[in-house]
Each structure stands twice: as C-alpha cells, then as structure tokens.
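Encoded as structure tokens, the structure appears first; notes follow it.
The values are calculated or read from the model by the stated rules, or taken from the named source; none is laboratory data. Since we're looking at a predicted model, the values are computed, not measured. Cβ sites come from the backbone with ideal geometry, for glycine too, and all protein chains shown count toward neighbours. Areas reflect the complete protein model, heavy atoms only, side chains present, ligands, DNA and RNA absent. Shrake-Rupley method; radii C 1.70, N 1.55, O 1.52, S 1.80 Å.
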Amino acid sequence: MKTLVRYEFQKILRKKSTLIILAVSLLVTAFFYILPILQYQTYDREEVIRGLAGIAFDRARYDQLSVVLTDDYICEAFRQYQELFENPDNIGYDGNDSFLIGDAYWNFVAPRENLLYMLAANYDAPGEITGLNRLPHMDLEAGAGFYQAREEKISLLLDTPSRQLSQAQKSYWQNLNSQVDIPLSYGYYKGWEIILESFELLMFALLAVSIVLAPVFAGEYQAGTDAVILSARYGKTRLVTAKILASFLFGLTAFTLHILAAFGPLLLTFGTDGWNLPLQAAGTTIPYPFTFMQAVLINLGILYLVLLAVISLTLLLSARMKSPYTVLMVLVPVLFLPMFLSPNGTTGLYNLTLFLLPYRASMPEIGKYISYQLGGLVFDVLSMRAIVYTLVTVCLLPLIRTGFRKHQVGA
C-alpha cells in the first residue's frame, strides 16, 4: 500500500503543471504577506519612518509598554492625560474635538496612542466611537473602574436587540468571557495581529491545491487509462485508496509550504513578541480567552479542516466528472463566491450560513459574538466550523470511492 501511495504522490508531483501552479501560488502568497512589511509606516516628530526601519522603531517604543493593565496603572495613565489637558498651550481644536498637541502629544500620547485608544474604547457604548475625547472629563476619584466597565459593555452587547441572542447563547458568551484572565496584559503583538487579519489570503493556496488535484480521477478519464485501472486486480480498492491518500498528503504538504511562505516573513520581521498576550489587548470585548498564538493556531487548525473538506470535494467531483475543467468550474464559485457577499449582522440564516462557507470560514471573526444553537447546545463560530468541515470530509470520503468504482468506462 505504501508503494502505491508513494507512486500516486510522485505522479501528482512530477507533472510540470503541478510545479508551475505551486511555484506561482507560493510566490503570490509570499508577495501578499510581504506587502504589510513593505507598506508599513510609523512616525516620529520629524518624519515618517517606513518599512523595516519603521517596524524596528515601533518595537523599540513598545519596550516600555509591556505592562499589566491594573486599575491603578490605567487610572494613573488617565490622570497624566488630564493633567496635560489642563494646560491650554497643550490643546488643539479642529472645530469638533479638542486634543493634545506639541510636546504633550509627542512625549506622552504618541508612544502609547494605541494603548490609550484601546483603554478609552472600553468605556464607549456598543457602536459608539469617541476616541480620546472622554478622557479629560472622566471622574477618577473612585479609580478607573476599567474591568467593571468591560463587564457592563459586554452585557450591553449581548442584550442588543438586533443580535437576537437567546438566554442560552448569552450565558454561553458570559461564561466564555469569565474565563479571560484579569487583569489583562499589554505589549507588542503586531505580527500576530497581521496574521489574524489576513487568513483569507490563504484561499489562493486552497485554489492551487484544488487545481492540481482536479485531474486525479478526471484526468484518467480524459487519458483513457480508466479502463486499465478499473480492470486491474486492485483498481477499485487499493488503487482508489492510494489516490485518495496521496491527494491528502500532497494537499497537506503544499498547504503547509504556503503557511511557511506566508507567516515566516511576518514573524521574522515583526518578531514573535506578544505570542502570550491575551486577545483582549486588541479589544477588551473580544470574548475568547485565548492568547494571540493560541488564536492563530486554532484558526489554522480550522483552515486545515477546510482544506481536507475542499480536497474531498475536489476528489468527489473529479471521480464523477469527465474533465478537470468541469471540476474547477464548480469549485471556483464554491471557494470565491462568498468573497462578494457581506454579512449584514451576526444572526439569521443568511449570515450564519455565510460564516461557514470556505472563504468566510478562513476569517477568525474573533471580535464578533457569532453563535449557533442546536436545541439546548450552543456553539461559537470557531467550534461550529470545526464540526461542519470534519463532517463534510467524513461524509464525502466514501462517496469518492463509490463515484470512481461506478464510473462507466467509455461513457
């Protein structure tokens, strides 16, 4: 059996078309993931700093911002902002908002701007964005009340009428939020943030794998070798199994190479800093009690499950269709049509279905409270994707074997 699998794997790999598709796909993937490095820019008082120099500048600036966000630390940061705001010489006005300028901005706000905006957003009502405007007027006599404000905001989010959450769903999210370690830690996490925001770019890797595997069975029909295979002693048993196993082996190997081409440059340049920080460093109402690295690995695991399901669908279509091109005519819309569809909420059949389709399933959606209720059971979107794509793979595998075995030679 091992010999058959090795033979089928080499048969896939030795095709010139396979090597061309892989090379192009890897280059495209690497290019997309290198773009954030090339386009990165930050600034100091004198100039805009771009590319690698800008990344190094920001990483060094965050050395002083790797902190535990205790209520005392937050309160002191807000007090310093208020003290600076008391001096009229530090205040600018654009006709709508007042803000710190000059030395007050460059020495205090600029180095910790993302942190201040994240902290201030914790006090906004759901859907409200006030930036730093509330900080000068906050009453800090009793402390910042940061984590109480977080709990209240999460409760308001869950009670929003448009979300239409059942009591069981609200309880699920409240329980998940209660598992987040308090107080939160903060620091530099830019590399992990970019990875979480760009998972959908790996859909091109899925497409490349599908293109290579589309001829696994259909190519035999086109070449007329199906008659030889099906009439052979193990043509309908071991050889079919070998083709399926070789296809999965190729798909997993090729996809892993794309992962390395994608994530490698980002983590080499931005560093692995922040791997152990909680996701809430990017937004306090994120409900998942994961670190950035855990979130990346979990979503990567889901994407591998999507890959297995896409390979299974590709092989099923290949076993039932006469041409690889027909296979791709079905697969391409399945993979990329959801790219042109946008959710209009987090509930309802349309939205809940859209979040499970391959393109959308590649996106972590970690800041949204998307849940599925089956009777008394509640699943978040990450769990539901894992379940759905595992079931799809398990259900399609026997159909692949049946499809090839029942193929009529010369039909």
- Note on the structure: Only one of (1) assigned to a helix (DSSP H, G or I); (2) touching a residue at least 12 places away in the same chain (Cβ under 8 Å); (3) closer than 30 Å to residue 60 by Cα; (4) open to solvent by 10 Å² or more (accessible area, probe 1.4 Å) does not apply to residue 299, and that is (4)
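Conditions (1) open to solvent by 30 Å² or more (accessible area, probe 1.4 Å); (2) touching a strand residue (DSSP E or B) at 6+ places or on another chain (Cβ under 7 Å), marked per residue:
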{"position": "311", "(1), (2)": "no, no"}
{"position": "317", "(1), (2)": "no, no"}
{"position": "342", "(1), (2)": "yes, no"}
{"position": "349", "(1), (2)": "yes, no"}
{"position": "352", "(1), (2)": "yes, yes"}
- Message: Looking at (1) surrounded by fewer than 15 Cβ atoms within 10 Å (Cβ to Cβ); (2) in contact with a strand residue (DSSP E or B) (Cβ under 8 Å, 6 or more places away or on another chain); (3) assigned to a helix (DSSP H, G or I), which one does residue 333 not meet, given that it meets all the others?
- Response: (2)
- Is it the case that region 319-327 has a residue that's under 18 Å from residue 202 (Cα atoms), buried (at least 21 other Cβ atoms within 10 Å of the Cβ) and more than 18 Å from the chain's Cα centre (by Cα)? no
- Item | Given (1) in contact with a Gly (Cβ under 6 Å, 6 or more places away or on another chain); (2) within 30 Å of residue 203 (Cβ to Cβ), index of the condition residue 75 fails | (2)
- Picked from region 45-63 (must be open to solvent by less than 80 Å² (accessible area, probe 1.4 Å) and touching a residue at least 40 places away in the same chain (Cβ under 8 Å)), the residue nearest to residue 147 (Cα to Cα) is 62
- Note on the structure: Going through (1) closer than 24 Å to residue 127 by Cα; (2) surrounded by fewer than 16 Cβ atoms within 10 Å (Cβ to Cβ); (3) not charged (D, E, K, R) one by one, residue 285 fails only at (2)
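Could you tell me how many of the residues in region 154-170 are touching a residue at least 24 places away in the same chain (Cβ under 8 Å) and open to solvent by 30 Å² or more (accessible area, probe 1.4 Å)?
Here the count works out to 7.
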- Query: Looking at (1) open to solvent by 20 Å² or more (accessible area, probe 1.4 Å); (2) closer than 20 Å to residue 187 by Cα, which is the one condition that is false for residue 122?
  - Reply: (1)
- Task: Could you tell me which of the residues 69, 13, 35, 100 is surrounded by 11 or more Cβ atoms within 10 Å (Cβ to Cβ), farther than 30 Å from residue 239 by Cα and touching a residue at least 40 places away in the same chain (Cβ under 8 Å)?
- Result: 69
- Query: Mind checking which pairs have a first residue in region 352-374 that is touching a residue at least 60 places away in the same chain (Cβ under 8 Å) and a second that is open to solvent by less than 40 Å² (accessible area, probe 1.4 Å) and among the β-branched types (Val, Ile, Thr), Cβ under 6 Å, 6 or more apart or different chains?
  - Reply: 358/306; 366/286; 367/286; 371/378
- Item | Any pair with Cβ under 6 angstrom, 6 or more apart, that starts in region 310-327 at a residue that is closer than 19 Å to residue 249 by Cβ and at pLDDT 90 or above and ends at one that is buried (at least 24 other Cβ atoms within 10 Å of the Cβ) and of a type in the set (Phe, Trp, Tyr) | none
- Message: Condition first: among the small types (Gly, Ala, Ser) and either assigned to a helix (DSSP H, G or I) or under 18 Å from residue 148 (Cβ atoms) (or both). Now tell me which residues in region 64-88 satisfy that.
- Response: 77
- Query: For residue 217, are the conditions met, namely being touching a Phe, Trp or Tyr at 6+ places or on another chain (Cβ under 9 Å), within 30 Å of residue 293 (Cβ to Cβ) and either in a helix (DSSP H, G or I) or modelled with pLDDT of 90 or more (or both)?
  - Reply: no
- Query: Of the residues that sit in region 164-178 and are among the polar types (S, T, N, Q) and within 24 Å of the chain's Cα centre (by Cα), which one is nearest to residue 376 (Cα to Cα)?
  - Reply: 169
